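The values are calculated or read from the model by the stated rules, or taken from the named source; none is laboratory data. This one's a predicted model, so the numbers in the text were calculated from it and none came from an experiment. Note: ideal-geometry Cβ built from the backbone for every residue, glycine included; neighbour counts use all protein chains shown.
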Amino acid sequence: PTDEIKYGPLAGNSVVVRRYFPCAPCERAQCRFRDKRCLTAIKPEWVFYWLKRILEKKEVPETRFHRVLLTRCDKIGDLILTTPAITAVRTSWPNAYVGFMCSKYTEDILKGNPDVDEVISLDKTGRHRGILGFLKLVREIRSKKFEIMINFHPTNRVHLAGLFAGIPLRVGYDWKMGVLNNVVIKHKKHLGEKSEAQYNFDLLEVLGVKNRDFPQRISVSPEEENWAENELLRRGIDRFVLIHPGANCPSKLWPLDNFIQLAEKIMYNFDIPVMFILGPGEGYMEEKITQVLGEKTVVYKNLSLRRLVALISKCSFFISNDSGPMHIADALMKPLVVIFGRSQPGLSSRRWGPLNKSAVVVWRDVGCQKCLAHNCQKGFLCLQSITVDEVFDIFKQQMERIAV
(Lines give C-alpha, C1' and ligand atoms only; values in the text may rest on other atoms or scores of the structure.)
Protein backbone atom coordinates (compact mmCIF):
# COMPACT_ATOMS: atom_id res chain seq x y z
CA PRO A 1 0.00 0.00 0.00
CA THR A 2 2.96 2.34 0.43
CA ASP A 3 4.65 4.56 -2.15
CA GLU A 4 7.44 2.56 -3.82
CA ILE A 5 9.22 5.75 -4.82
CA LYS A 6 9.61 6.75 -1.16
CA TYR A 7 9.99 3.34 0.42
CA GLY A 8 10.95 0.96 -2.41
CA PRO A 9 14.34 -0.70 -3.00
CA LEU A 10 17.17 1.28 -4.57
CA ALA A 11 19.22 -1.59 -6.00
CA GLY A 12 19.08 -1.91 -9.77
CA ASN A 13 18.37 -5.64 -9.66
CA SER A 14 15.29 -5.21 -7.45
CA VAL A 15 11.64 -5.25 -8.50
CA VAL A 16 8.51 -3.91 -6.84
CA VAL A 17 5.48 -6.17 -7.24
CA ARG A 18 2.16 -4.45 -6.65
CA ARG A 19 -1.38 -3.84 -7.89
CA TYR A 20 -2.49 -0.25 -8.39
CA PHE A 21 -5.84 0.15 -6.63
CA PRO A 22 -7.58 3.56 -6.69
CA CYS A 23 -6.79 4.02 -2.99
CA ALA A 24 -3.04 3.44 -3.39
CA PRO A 25 -0.68 4.59 -2.12
CA CYS A 26 -2.54 4.97 1.18
CA GLU A 27 0.41 4.59 3.63
CA ARG A 28 -2.01 3.57 6.37
CA ALA A 29 -1.39 0.94 9.00
CA GLN A 30 -5.03 -0.21 8.84
CA CYS A 31 -6.82 -0.86 5.52
CA ARG A 32 -10.03 1.14 5.33
CA PHE A 33 -11.63 -1.75 3.41
CA ARG A 34 -10.45 -4.22 6.09
CA ASP A 35 -9.35 -6.76 3.46
CA LYS A 36 -5.87 -5.57 2.39
CA ARG A 37 -6.97 -6.05 -1.20
CA CYS A 38 -3.82 -4.47 -2.62
CA LEU A 39 -1.82 -7.34 -1.07
CA THR A 40 -4.25 -10.23 -1.59
CA ALA A 41 -4.55 -9.30 -5.28
CA ILE A 42 -0.88 -10.17 -5.83
CA LYS A 43 -0.92 -13.81 -6.92
CA PRO A 44 2.00 -16.19 -6.25
CA GLU A 45 2.50 -16.91 -9.96
CA TRP A 46 3.31 -13.26 -10.61
CA VAL A 47 5.82 -13.02 -7.78
CA PHE A 48 7.41 -16.12 -9.32
CA TYR A 49 7.31 -14.43 -12.75
CA TRP A 50 9.38 -11.49 -11.42
CA LEU A 51 11.76 -13.77 -9.54
CA LYS A 52 12.37 -15.84 -12.67
CA ARG A 53 13.11 -12.74 -14.77
CA ILE A 54 15.63 -11.48 -12.22
CA LEU A 55 17.39 -14.84 -11.92
CA GLU A 56 17.51 -15.21 -15.71
CA LYS A 57 18.78 -11.61 -15.96
CA LYS A 58 16.03 -10.67 -18.38
CA GLU A 59 14.82 -7.15 -19.00
CA VAL A 60 12.16 -6.01 -16.55
CA PRO A 61 9.21 -4.53 -18.50
CA GLU A 62 7.97 -1.15 -17.35
CA THR A 63 4.33 -0.93 -16.33
CA ARG A 64 3.17 1.71 -18.77
CA PHE A 65 -0.41 1.77 -17.47
CA HIS A 66 -1.35 1.23 -13.84
CA ARG A 67 -5.10 0.63 -14.19
CA VAL A 68 -6.34 -1.13 -17.33
CA LEU A 69 -9.89 -2.01 -18.38
CA LEU A 70 -10.34 -4.65 -21.09
CA THR A 71 -13.81 -5.22 -22.54
CA ARG A 72 -15.53 -7.94 -24.52
CA CYS A 73 -19.29 -8.26 -24.01
CA ASP A 74 -20.38 -10.91 -26.50
CA LYS A 75 -20.35 -14.71 -26.38
CA ILE A 76 -18.48 -17.55 -24.68
CA GLY A 77 -16.22 -18.51 -27.59
CA ASP A 78 -15.41 -14.86 -28.36
CA LEU A 79 -14.26 -14.33 -24.78
CA ILE A 80 -12.14 -17.50 -24.74
CA LEU A 81 -10.42 -16.38 -27.94
CA THR A 82 -9.56 -13.14 -26.14
CA THR A 83 -7.77 -14.80 -23.21
CA PRO A 84 -4.40 -14.91 -25.03
CA ALA A 85 -4.61 -11.12 -25.37
CA ILE A 86 -5.34 -10.80 -21.63
CA THR A 87 -2.13 -12.70 -20.88
CA ALA A 88 -0.26 -10.45 -23.31
CA VAL A 89 -1.48 -7.37 -21.42
CA ARG A 90 -0.50 -8.86 -18.06
CA THR A 91 2.94 -9.85 -19.32
CA SER A 92 3.59 -6.46 -20.91
CA TRP A 93 2.42 -4.43 -17.89
CA PRO A 94 2.98 -6.86 -15.01
CA ASN A 95 2.10 -4.53 -12.13
CA ALA A 96 -1.04 -3.13 -13.72
CA TYR A 97 -4.43 -3.65 -12.13
CA VAL A 98 -6.36 -5.38 -14.92
CA GLY A 99 -10.14 -5.28 -14.95
CA PHE A 100 -12.25 -7.07 -17.55
CA MET A 101 -15.82 -6.18 -18.46
CA CYS A 102 -17.82 -8.99 -20.06
CA SER A 103 -21.44 -10.14 -20.34
CA LYS A 104 -23.01 -11.50 -17.18
CA TYR A 105 -23.52 -14.96 -18.67
CA THR A 106 -19.84 -15.31 -19.67
CA GLU A 107 -18.21 -14.00 -16.46
CA ASP A 108 -17.51 -17.49 -15.12
CA ILE A 109 -15.07 -18.06 -17.99
CA LEU A 110 -12.69 -15.64 -16.26
CA LYS A 111 -13.00 -17.11 -12.76
CA GLY A 112 -9.61 -18.30 -11.58
CA ASN A 113 -7.77 -16.49 -14.39
CA PRO A 114 -4.58 -15.16 -12.73
CA ASP A 115 -4.22 -12.43 -15.36
CA VAL A 116 -7.45 -10.68 -14.31
CA ASP A 117 -7.76 -8.77 -11.03
CA GLU A 118 -11.46 -7.92 -11.32
CA VAL A 119 -14.40 -8.94 -13.51
CA ILE A 120 -17.07 -6.32 -14.19
CA SER A 121 -20.28 -8.03 -15.23
CA LEU A 122 -22.43 -6.19 -17.78
CA ASP A 123 -26.03 -7.17 -17.01
CA LYS A 124 -27.96 -5.74 -19.98
CA THR A 125 -31.25 -7.38 -19.00
CA GLY A 126 -30.92 -6.71 -15.27
CA ARG A 127 -29.28 -3.97 -13.26
CA HIS A 128 -27.72 -2.27 -16.31
CA ARG A 129 -30.93 -2.24 -18.32
CA GLY A 130 -32.18 1.03 -19.82
CA ILE A 131 -30.92 4.58 -19.25
CA LEU A 132 -30.80 4.32 -15.45
CA GLY A 133 -28.95 1.02 -15.68
CA PHE A 134 -26.48 2.53 -18.12
CA LEU A 135 -25.81 5.41 -15.73
CA LYS A 136 -25.26 2.89 -12.95
CA LEU A 137 -22.69 1.12 -15.15
CA VAL A 138 -20.94 4.43 -15.86
CA ARG A 139 -20.72 5.19 -12.11
CA GLU A 140 -19.28 1.73 -11.43
CA ILE A 141 -16.58 2.16 -14.05
CA ARG A 142 -15.80 5.76 -13.08
CA SER A 143 -15.28 4.78 -9.43
CA LYS A 144 -12.46 2.44 -10.45
CA LYS A 145 -10.36 5.21 -12.04
CA PHE A 146 -9.11 3.28 -15.05
CA GLU A 147 -6.43 4.99 -17.15
CA ILE A 148 -7.06 3.06 -20.36
CA MET A 149 -9.89 1.01 -21.89
CA ILE A 150 -9.18 -1.53 -24.65
CA ASN A 151 -12.38 -2.66 -26.36
CA PHE A 152 -11.94 -5.94 -28.24
CA HIS A 153 -15.56 -6.03 -29.45
CA PRO A 154 -17.01 -2.65 -30.44
CA THR A 155 -20.51 -1.78 -29.23
CA ASN A 156 -22.25 1.57 -28.83
CA ARG A 157 -22.96 0.92 -25.15
CA VAL A 158 -19.35 0.15 -24.23
CA HIS A 159 -17.94 3.07 -26.21
CA LEU A 160 -20.36 5.49 -24.53
CA ALA A 161 -19.68 4.00 -21.09
CA GLY A 162 -15.93 4.49 -21.48
CA LEU A 163 -16.40 8.10 -22.57
CA PHE A 164 -18.86 9.07 -19.82
CA ALA A 165 -16.78 7.23 -17.20
CA GLY A 166 -13.94 9.61 -18.01
CA ILE A 167 -11.36 7.00 -19.02
CA PRO A 168 -8.59 9.16 -20.56
CA LEU A 169 -7.32 6.68 -23.18
CA ARG A 170 -9.82 4.56 -25.13
CA VAL A 171 -8.53 2.08 -27.71
CA GLY A 172 -10.75 0.32 -30.23
CA TYR A 173 -12.06 0.00 -33.76
CA ASP A 174 -13.61 2.55 -36.12
CA TRP A 175 -17.00 0.88 -35.84
CA LYS A 176 -20.13 1.21 -33.65
CA MET A 177 -19.38 4.75 -32.44
CA GLY A 178 -15.67 4.06 -32.76
CA VAL A 179 -15.20 7.82 -33.20
CA LEU A 180 -15.45 8.03 -29.40
CA ASN A 181 -12.11 6.21 -29.11
CA ASN A 182 -8.97 8.33 -29.17
CA VAL A 183 -6.76 5.48 -30.45
CA VAL A 184 -8.46 3.82 -33.40
CA ILE A 185 -7.61 1.03 -35.84
CA LYS A 186 -9.62 0.02 -38.89
CA HIS A 187 -12.18 -2.74 -38.39
CA LYS A 188 -11.33 -5.57 -40.81
CA LYS A 189 -12.64 -8.59 -38.95
CA HIS A 190 -15.40 -9.19 -41.50
CA LEU A 191 -12.68 -10.07 -44.01
CA GLY A 192 -11.84 -13.17 -41.96
CA GLU A 193 -8.18 -13.13 -42.95
CA LYS A 194 -6.98 -14.63 -39.66
CA SER A 195 -8.12 -15.93 -36.29
CA GLU A 196 -10.12 -13.72 -33.96
CA ALA A 197 -7.29 -14.19 -31.44
CA GLN A 198 -4.89 -12.54 -33.90
CA TYR A 199 -7.27 -9.66 -34.51
CA ASN A 200 -7.20 -9.06 -30.75
CA PHE A 201 -3.41 -8.85 -30.83
CA ASP A 202 -3.63 -6.28 -33.65
CA LEU A 203 -5.42 -3.96 -31.22
CA LEU A 204 -2.67 -4.38 -28.63
CA GLU A 205 0.12 -3.83 -31.13
CA VAL A 206 -0.71 -0.12 -31.44
CA LEU A 207 0.16 0.12 -27.73
CA GLY A 208 3.54 -1.55 -28.17
CA VAL A 209 2.46 -5.05 -27.11
CA LYS A 210 4.29 -7.22 -29.63
CA ASN A 211 4.34 -10.77 -28.26
CA ARG A 212 1.53 -12.94 -29.69
CA ASP A 213 2.70 -16.32 -28.43
CA PHE A 214 0.18 -16.99 -25.66
CA PRO A 215 -2.30 -19.87 -25.27
CA GLN A 216 -5.99 -19.66 -24.44
CA ARG A 217 -6.67 -19.81 -20.74
CA ILE A 218 -9.53 -21.32 -18.78
CA SER A 219 -9.41 -22.96 -15.38
CA VAL A 220 -11.40 -25.63 -13.54
CA SER A 221 -12.06 -24.93 -9.88
CA PRO A 222 -11.54 -27.74 -7.34
CA GLU A 223 -15.23 -27.62 -6.45
CA GLU A 224 -16.43 -28.17 -10.02
CA GLU A 225 -13.71 -30.77 -10.65
CA ASN A 226 -14.93 -32.74 -7.64
CA TRP A 227 -18.48 -32.53 -8.97
CA ALA A 228 -17.41 -33.92 -12.36
CA GLU A 229 -15.36 -36.71 -10.81
CA ASN A 230 -18.21 -37.72 -8.49
CA GLU A 231 -20.70 -37.61 -11.37
CA LEU A 232 -18.58 -39.93 -13.50
CA LEU A 233 -17.86 -42.22 -10.55
CA ARG A 234 -21.59 -42.48 -9.84
CA ARG A 235 -22.20 -43.56 -13.43
CA GLY A 236 -19.18 -45.90 -13.52
CA ILE A 237 -17.65 -43.97 -16.44
CA ASP A 238 -13.94 -43.41 -16.98
CA ARG A 239 -13.23 -42.56 -20.61
CA PHE A 240 -16.02 -41.03 -22.69
CA VAL A 241 -16.78 -39.02 -25.82
CA LEU A 242 -18.73 -35.80 -25.39
CA ILE A 243 -20.96 -34.39 -28.14
CA HIS A 244 -22.56 -30.97 -28.35
CA PRO A 245 -25.13 -31.00 -31.19
CA GLY A 246 -26.37 -27.45 -30.59
CA ALA A 247 -25.37 -23.95 -31.70
CA ASN A 248 -26.77 -20.43 -31.58
CA CYS A 249 -27.65 -20.23 -35.29
CA PRO A 250 -29.30 -22.67 -37.75
CA SER A 251 -26.41 -22.06 -40.17
CA LYS A 252 -24.16 -23.86 -37.67
CA LEU A 253 -26.35 -26.92 -37.02
CA TRP A 254 -25.31 -30.25 -38.47
CA PRO A 255 -28.49 -32.41 -38.42
CA LEU A 256 -29.25 -33.94 -35.03
CA ASP A 257 -29.96 -37.32 -36.68
CA ASN A 258 -26.35 -37.32 -37.91
CA PHE A 259 -24.98 -36.76 -34.41
CA ILE A 260 -27.15 -39.61 -33.09
CA GLN A 261 -25.96 -41.99 -35.85
CA LEU A 262 -22.38 -40.92 -35.18
CA ALA A 263 -22.79 -41.70 -31.46
CA GLU A 264 -24.15 -45.17 -32.33
CA LYS A 265 -21.17 -45.92 -34.61
CA ILE A 266 -18.68 -44.76 -31.97
CA MET A 267 -20.23 -46.85 -29.20
CA TYR A 268 -20.46 -49.93 -31.44
CA ASN A 269 -16.94 -49.74 -32.89
CA PHE A 270 -14.99 -48.40 -29.90
CA ASP A 271 -16.98 -49.63 -26.89
CA ILE A 272 -16.70 -46.19 -25.30
CA PRO A 273 -19.62 -44.26 -23.74
CA VAL A 274 -20.93 -41.20 -25.57
CA MET A 275 -22.58 -38.39 -23.64
CA PHE A 276 -24.41 -35.29 -24.88
CA ILE A 277 -24.52 -31.75 -23.53
CA LEU A 278 -27.36 -29.35 -24.35
CA GLY A 279 -27.45 -25.65 -23.57
CA PRO A 280 -30.26 -23.12 -23.13
CA GLY A 281 -32.86 -23.45 -25.87
CA GLU A 282 -31.56 -26.87 -26.95
CA GLY A 283 -33.67 -29.03 -24.65
CA TYR A 284 -35.93 -30.02 -27.55
CA MET A 285 -33.13 -32.31 -28.76
CA GLU A 286 -33.20 -34.48 -25.65
CA GLU A 287 -36.36 -36.40 -26.53
CA LYS A 288 -35.02 -37.55 -29.88
CA ILE A 289 -31.61 -38.48 -28.45
CA THR A 290 -33.07 -40.59 -25.66
CA GLN A 291 -35.73 -42.05 -27.96
CA VAL A 292 -33.07 -43.51 -30.26
CA LEU A 293 -30.18 -44.20 -27.86
CA GLY A 294 -32.15 -44.87 -24.68
CA GLU A 295 -30.04 -45.82 -21.67
CA LYS A 296 -26.92 -46.18 -23.79
CA THR A 297 -26.22 -42.46 -23.42
CA VAL A 298 -26.43 -39.64 -20.88
CA VAL A 299 -27.77 -36.18 -21.70
CA TYR A 300 -26.81 -33.16 -19.59
CA LYS A 301 -29.00 -30.09 -19.97
CA ASN A 302 -28.35 -26.52 -18.90
CA LEU A 303 -25.29 -27.14 -16.77
CA SER A 304 -23.81 -24.09 -15.12
CA LEU A 305 -20.90 -22.71 -17.09
CA ARG A 306 -18.40 -23.82 -14.46
CA ARG A 307 -19.79 -27.38 -14.36
CA LEU A 308 -19.80 -27.46 -18.15
CA VAL A 309 -16.09 -26.59 -18.16
CA ALA A 310 -15.42 -29.29 -15.56
CA LEU A 311 -17.29 -31.98 -17.51
CA ILE A 312 -15.53 -31.09 -20.77
CA SER A 313 -12.19 -31.22 -18.96
CA LYS A 314 -12.84 -34.90 -18.15
CA CYS A 315 -13.82 -36.08 -21.63
CA SER A 316 -11.51 -38.12 -23.85
CA PHE A 317 -12.79 -36.61 -27.10
CA PHE A 318 -15.11 -33.75 -28.05
CA ILE A 319 -17.30 -33.47 -31.16
CA SER A 320 -19.32 -30.36 -31.85
CA ASN A 321 -20.70 -27.74 -34.16
CA ASP A 322 -19.16 -24.27 -34.08
CA SER A 323 -20.22 -23.29 -30.55
CA GLY A 324 -19.12 -21.97 -27.16
CA PRO A 325 -18.50 -25.46 -25.71
CA MET A 326 -16.25 -26.20 -28.69
CA HIS A 327 -14.05 -23.26 -27.72
CA ILE A 328 -13.98 -24.47 -24.11
CA ALA A 329 -12.77 -27.90 -25.31
CA ASP A 330 -10.20 -26.19 -27.52
CA ALA A 331 -8.86 -24.08 -24.64
CA LEU A 332 -8.60 -27.24 -22.53
CA MET A 333 -6.57 -28.87 -25.36
CA LYS A 334 -9.05 -31.70 -25.84
CA PRO A 335 -8.95 -33.89 -28.97
CA LEU A 336 -11.57 -32.21 -31.09
CA VAL A 337 -13.59 -32.52 -34.29
CA VAL A 338 -15.71 -29.48 -35.14
CA ILE A 339 -18.23 -29.22 -37.97
CA PHE A 340 -18.48 -25.85 -39.71
CA GLY A 341 -21.00 -24.45 -42.14
CA ARG A 342 -21.04 -21.01 -43.79
CA SER A 343 -18.46 -19.70 -46.21
CA GLN A 344 -18.56 -15.99 -45.38
CA PRO A 345 -14.93 -15.11 -44.55
CA GLY A 346 -15.92 -13.27 -41.37
CA LEU A 347 -17.93 -16.28 -40.17
CA SER A 348 -15.56 -18.99 -41.33
CA SER A 349 -13.34 -21.40 -39.44
CA ARG A 350 -10.30 -19.31 -40.36
CA ARG A 351 -11.59 -16.64 -37.98
CA TRP A 352 -13.66 -18.66 -35.50
CA GLY A 353 -12.13 -22.12 -35.66
CA PRO A 354 -10.15 -23.88 -32.90
CA LEU A 355 -6.57 -22.76 -32.20
CA ASN A 356 -5.35 -26.20 -31.14
CA LYS A 357 -3.26 -27.51 -34.04
CA SER A 358 -4.45 -31.08 -33.51
CA ALA A 359 -8.14 -30.15 -33.82
CA VAL A 360 -9.87 -31.09 -37.09
CA VAL A 361 -12.39 -28.81 -38.81
CA VAL A 362 -14.88 -30.47 -41.17
CA TRP A 363 -16.28 -28.10 -43.80
CA ARG A 364 -17.71 -28.55 -47.27
CA ASP A 365 -17.47 -26.02 -50.08
CA VAL A 366 -20.69 -26.38 -52.10
CA GLY A 367 -19.93 -23.58 -54.53
CA CYS A 368 -22.07 -20.79 -53.09
CA GLN A 369 -21.13 -17.50 -54.74
CA LYS A 370 -22.40 -15.64 -51.69
CA CYS A 371 -23.08 -17.15 -48.28
CA LEU A 372 -26.37 -15.95 -46.77
CA ALA A 373 -25.65 -17.65 -43.40
CA HIS A 374 -28.94 -18.04 -41.47
CA ASN A 375 -30.88 -16.82 -44.54
CA CYS A 376 -29.54 -19.70 -46.64
CA GLN A 377 -31.75 -20.53 -49.66
CA LYS A 378 -30.19 -23.97 -50.22
CA GLY A 379 -31.24 -25.71 -47.02
CA PHE A 380 -27.76 -25.37 -45.50
CA LEU A 381 -26.31 -27.66 -48.14
CA CYS A 382 -22.77 -27.12 -46.81
CA LEU A 383 -23.79 -28.88 -43.58
CA GLN A 384 -26.16 -31.43 -45.15
CA SER A 385 -23.42 -32.66 -47.49
CA ILE A 386 -21.10 -33.68 -44.62
CA THR A 387 -21.77 -37.37 -44.01
CA VAL A 388 -21.74 -39.39 -40.81
CA ASP A 389 -19.17 -41.77 -42.29
CA GLU A 390 -16.86 -38.88 -43.11
CA VAL A 391 -16.92 -37.53 -39.55
CA PHE A 392 -16.59 -41.03 -38.10
CA ASP A 393 -13.51 -41.76 -40.24
CA ILE A 394 -11.89 -38.54 -38.96
CA PHE A 395 -12.79 -39.48 -35.38
CA LYS A 396 -11.28 -42.95 -35.93
CA GLN A 397 -8.04 -41.49 -37.28
CA GLN A 398 -7.78 -39.12 -34.33
CA MET A 399 -8.42 -41.90 -31.81
CA GLU A 400 -5.70 -44.02 -33.43
CA ARG A 401 -3.31 -41.06 -33.26
CA ILE A 402 -4.09 -40.57 -29.56
CA ALA A 403 -3.51 -44.27 -28.87
CA VAL A 404 -0.07 -44.07 -30.48
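Annotations for the structure displayed:
Conditions (1) in a helix (DSSP H, G or I); (2) crowded, with 21+ Cβ neighbours inside 10 Å, marked per residue:
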{"residue": "PHE100", "(1), (2)": "no, yes"}
{"residue": "GLY112", "(1), (2)": "no, no"}
{"residue": "LEU132", "(1), (2)": "yes, no"}
{"residue": "LYS136", "(1), (2)": "yes, no"}
{"residue": "ARG139", "(1), (2)": "yes, no"}
{"residue": "PHE146", "(1), (2)": "no, yes"}
{"residue": "LEU163", "(1), (2)": "yes, no"}
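- Here HIS153, HIS159 are screened, and the one residue that is in a loop (DSSP other than H, G, I, E, B) and either surrounded by 15 or more Cβ atoms within 10 Å (Cβ to Cβ) or modelled with pLDDT of 95 or more (or both) is HIS153.
- Residue that is assigned by TED's automatic domain parsing to the domain that holds LEU79 and touching a helix residue (DSSP H, G or I) at 6+ places or on another chain (Cβ under 9 Å), where the choices are LYS186, LYS176: LYS176
- Test: residue in region 357-375 that is modelled with pLDDT of 95 or more and part of a helix (DSSP H, G or I): no
- Helices (runs of 4 or more DSSP H) fully within region 26-93 that include at least 3 residues being at pLDDT below 90: 37-40, 44-55.
- Which numbered condition ARG342 fails, given (1) more than 18 Å from the chain's Cα centre (by Cα); (2) in contact (Cβ under 8 Å) with a residue 24 or more places away in the chain; (3) surrounded by fewer than 22 Cβ atoms within 10 Å (Cβ to Cβ); (4) not in a helix (DSSP H, G or I): (3)
- One residue from LEU253, LEU278 being modelled with pLDDT of 95 or more and touching a Lys or Arg at 6+ places or on another chain (Cβ under 6 Å): LEU278
- When residues of region 1-53 are limited to those that are of a type in the set (Ser, Thr, Tyr) and surrounded by fewer than 11 Cβ atoms within 10 Å (Cβ to Cβ), the one farthest from ALA88 (Cα to Cα): TYR7
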